[in-house]
Amino acid sequence: MTTMTLSTLRSSSAEELLARSFRERQPIIQPWLRTEESAVIWAASGVGKTMLCLSVALAVAGGGAVGDWDAPEPRKVLYIDGEMNIQDIKERIEILCATGGILTTKRKRTVALKNLTILARQDQNVGQPFYDLTDPDAQNEILRRVRVGKFELLILDNFTTLTDGLEDENASVAFKQVQDFFLNLKRMGIATILVHHSNKNGGAMRGSTALETTFEVIIGLKKPSISRPGQSSFIADFGKYRSKGDNRLAPRTWKLEEDGWNVNEELPENAEDDPYIKALKSGNYISAAEIGRALGVDRSTVKRRLDRYIAAGDLKATDPQTYYSRAKAMRHVDLDGLSYFSPVDEDETLDEAF
């Protein structure tokens, strides 16, 4: 880098910065990825990271959803795979389309299949060179392909098989070879998801911590205590998230069922530590809808959560109604012989409120 090049670097005073206008970052998949942002999804082998990432790819391509993560509109997606047999990728896409939980209409399925492009190492001729993210020429070729194809999401599966020139994943200096590549994608307005492996014990992402600094989002997929052999099942844990989130970023158990992804929030070991239980027993709320507004979730989320505690034996089936009734009684006052009671919301049922 020459002095002449450095002399052209842009700077802004704080006043000038506040006066500048920037293009608004648009949601790619809500609530955790927008244009110009990058994410890492890591897990041990066999947990289900590729199945999840293909699900995200289809959802974004068709304007669908993965669990309660939703893509507001269809976008073009480029999925680069470094190791999987192309026939296996085909079979997995067929399985995901058949569930109906990601692409809920025939139109969305048609749009998704047109918008999703698969570029796989195992689909190339024998001896054909493939992308190596440590090679500047390969980086530039990916950037060119993304630009020409007008792709808005790039998924790279996975870091190890796409960095043949990286001698040591644990060396922070070595990762500098690929860091600029991800930064350039951001400058182009492209969202990126990098798939990566866990370390040997499965408790953390493999490689240098320098890898973490480049990404806005880091999601770890960890094996649940109980899982069915052959089923994609994991606990999704957001280890890093730079923007405003909601309850969909809490650690939750994901299982791929026949009708799509089944998602349940992880319960604390001690039920009394759960904010839903605390709210129920506080005497402040007369319904699940009121608890939901206080916690920033909808009524059905509260009811599902309490139902799980009932199923686990931490609550009696009659407990929610009992606590709501007590809250109602505490809210009832008598002033100069006139009774007052806070009215039931129109969106609540009588059974729930009383």
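The values are calculated or read from the model by the stated rules, or taken from the named source; none is laboratory data. Computed from a prediction, not measured in an experiment: that's the story for all the values here. So basically every Cβ, Gly included, is an ideal-geometry build from the backbone, and we count neighbours across all protein chains shown. Please note that ligands, DNA and RNA were not included when accessible areas were found on the heavy atoms of the full protein model with its side chains. Shrake-Rupley method; radii C 1.70, N 1.55, O 1.52, S 1.80 Å.
The table that follows gives values for the structure above.
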| read-out | value |
| --- | --- |
| Tally, over region 273-328, of residues that are of a type in the set (F, W, Y) and within 24 Å of V263 (Cβ to Cβ) | 2 |
| Criterion: buried (at least 21 other Cβ atoms within 10 Å of the Cβ), in contact (Cβ under 8 Å) with a residue 24 or more places away in the chain and within 21 Å of G149 (Cβ to Cβ) - qualifying residue of A71, A120, A43 | A71 |
| G149 on the phi > 0 side of the Ramachandran plot, touching a residue at least 40 places away in the same chain (Cβ under 8 Å) and open to solvent by less than 30 Å² (accessible area, probe 1.4 Å) | no |
| Failed item, numbered, when G165 is tested on (1) outside any strand (DSSP E or B); (2) under 21 Å from Q87 (Cβ atoms); (3) without any contact (Cβ under 8 Å) to a residue 40 or more places away in the chain; (4) open to solvent by less than 60 Å² (accessible area, probe 1.4 Å) | (2) |
| From I155, I142, residue being open to solvent by less than 80 Å² (accessible area, probe 1.4 Å), touching a residue at least 60 places away in the same chain (Cβ under 8 Å) and in a helix (DSSP H, G or I) | I142 |
| Residue match in region 304-313 (condition: surrounded by 19 or more Cβ atoms within 10 Å (Cβ to Cβ) and touching a Ser or Thr at 6+ places or on another chain (Cβ under 9 Å)) | no |
| Region 180-220, subset part of a helix (DSSP H, G or I) and modelled with pLDDT under 75, residue farthest from F151 (Cα to Cα) | A210 |
| Residue in region 307-314 that is at pLDDT 85 or above, under 26 Å from S233 (Cβ atoms) and β-branched (V, I, T) present | yes |
| Identity of the residue in region 46-59, modelled with pLDDT of 95 or more and touching an Asp or Glu at 6+ places or on another chain (Cβ under 8 Å), that ends up surrounded by the fewest Cβ atoms within 10 Å (Cβ to Cβ) | C53 |
| Number of positions in region 100-113 that are farther than 20 Å from W261 by Cα and either in a loop (DSSP other than H, G, I, E, B) or of a type in the set (S, T, Y) (or both) | 1 |
| Residue list for region 229-250, filter: under 23 Å from R304 (Cα atoms) and either modelled with pLDDT of 80 or more or among the basic types (K, R) (or both) | S232, S233, F234, I235, A236, D237, F238, R248, L249 |
| Within region 263-290, tally of residues that are within 29 Å of L221 (Cβ to Cβ), touching a residue at least 40 places away in the same chain (Cβ under 8 Å) and open to solvent by 20 Å² or more (accessible area, probe 1.4 Å) | 4 |
| L78 vs. criteria over 13 Å from I193 (Cβ atoms) and either modelled with pLDDT under 95 or open to solvent by less than 70 Å² (accessible area, probe 1.4 Å) (or both) | no |
| Which listed residue is part of a helix (DSSP H, G or I), open to solvent by 40 Å² or more (accessible area, probe 1.4 Å) and free of Cβ contacts under 8 Å to residues at least 12 places away in the same chain, from R326, R293 | R293 |
| Filter result for L185 (out of contact with any Asp or Glu (no Cβ under 9 Å at 6 or more places or on another chain) and under 26 Å from L58 (Cβ atoms)) | no |
| Of the criteria (1) at pLDDT 95 or above; (2) surrounded by 16 or more Cβ atoms within 10 Å (Cβ to Cβ), which one Q177 fails | (1) |
| Any hit, region 86-99, residues being at pLDDT below 95 and either part of a loop (DSSP other than H, G, I, E, B) or closer than 18 Å to F151 by Cα (or both) | no |
